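Note sheet for the following structure.
The values are calculated or read from the model by the stated rules, or taken from the named source; none is laboratory data. Just so it is clear, the structure is predicted and the values come from calculations on it, not from any experiment. Here the Cβ is made from the backbone with ideal geometry for all residues, glycine too, and neighbour counts use every protein chain on show.
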Amino acid sequence: MSFFPHRPLRLALIPAVMMALVACGAPAATDPTASDAPVPTEAAAGTAGQETPAAAGPIEVRIKMTEYVIESSLTTFQTGVPYRFIMDSAGVLAHDFRITPRGESQAMIGMQTDGHAHEHGNELMVVKEPDLPPGAQVTKDITFNQPGEYEFACHVAGHLEAGMLLPIMVTGEVVAMPTPIDPASIAFDADMMAGSPCHAMGLTIMGDCQPEDVERLKADILAKDAAFREKLGGAMVEEDHAHADDPMHDEEAEATTTPGR
């Protein structure tokens, strides 16, 4: 019996069988646009490429002081965000730089006008006049802990009266609350600024003071401290009150609203 008549049929089936084998066992062709990398989840995709201010470093704030103006690249700040203040004394006179709650500087002018001893309380940052002569540049890091209305000001005699003040705003939630000032940390230095009116700077009382002046200023500092903490809600968090005037902290000032800083 001859099988030759069926040979063309068997040959015709070979390509079909080969195609079936390729479809079932061979790897699929590579898509040049495909990737073996895992597909990011929605949460991962939402944060990709974003940096927190802390991770990116302090936000730079340029502050320029001339006669008699303070200019700042930012006037609205956020609690808990680190900032780097770069302060330029760009005028022909020396200046100082202070951050205080809104209205503190005007109240000080009022006390001077009335002939009362003036005070410097509630300061978040202080750069003194000897550090800001004409042409000087000072850099300090600061993180605001409490929201509220504040102001940049120069308290050199006559400068504040001439309008050297800039209102600022701090928004956000309370990050840390100051602890009450220890009365024992308030000191009187009879040799500091001898001949000047009795006044308090930070937690130091100085100038020509009578004992009753010292006690009055101590009581005022403590009263302002209590009133401000009550205004902020009364929470207590351990905090260093005295490093605003401490040379060991010249490179970084942590902002709080504690009087006497």
Out of (1) at pLDDT below 95; (2) assigned to a loop (DSSP other than H, G, I, E, B); (3) crowded, with 18+ Cβ neighbours inside 10 Å; (4) more than 16 Å from the chain's Cα centre (by Cα), the one S105 does not meet is (2)
Reported set for segment 197-211 where residues are loosely packed, with under 13 Cβ neighbours inside 10 Å and in a loop (DSSP other than H, G, I, E, B) is Q210
For G115, state whether it is modelled with pLDDT under 70 and within 21 Å of the chain's Cα centre (by Cα). no
### Message
Can you confirm whether I181 is in contact with a helix residue (DSSP H, G or I) (Cβ under 6 Å, 6 or more places away or on another chain), more than 25 Å from F152 (Cβ to Cβ) and of a type in the set (A, V, I, L, M)?
### Response
no
Taking segment 60-94 and keeping residues in a loop (DSSP other than H, G, I, E, B) and either of a type in the set (A, V, I, L, M) or in contact with a helix residue (DSSP H, G or I) (Cβ under 7 Å, 6 or more places away or on another chain) (or both) leaves L74, V81, A90, V92, L93, A94
Counting only residues that are part of a loop (DSSP other than H, G, I, E, B) and either over 23 Å from D225 (Cα atoms) or of a type in the set (A, V, I, L, M, F, W, C) (or both), segment 153-196 contains a total of 23
Residue pairs qualifying under the 7 Å Cβ cut-off, at least six apart or on distinct chains, with the first in segment 67-96 being on the phi > 0 side of the Ramachandran plot and at pLDDT below 95 and the second being crowded, with 16+ Cβ neighbours inside 10 Å and part of a loop (DSSP other than H, G, I, E, B), are G80/V175
Cβ pairs under 8 Å, 6+ apart or interchain, first in segment 140-158 and under 16 Å from T66 (Cα atoms) and in contact (Cβ under 8 Å) with a residue 12 or more places away in the chain, second of a type in the set (S, T, N, Q) and assigned to a strand (DSSP E or B), ordered by first then second residue, are F152/S72; A153/T100
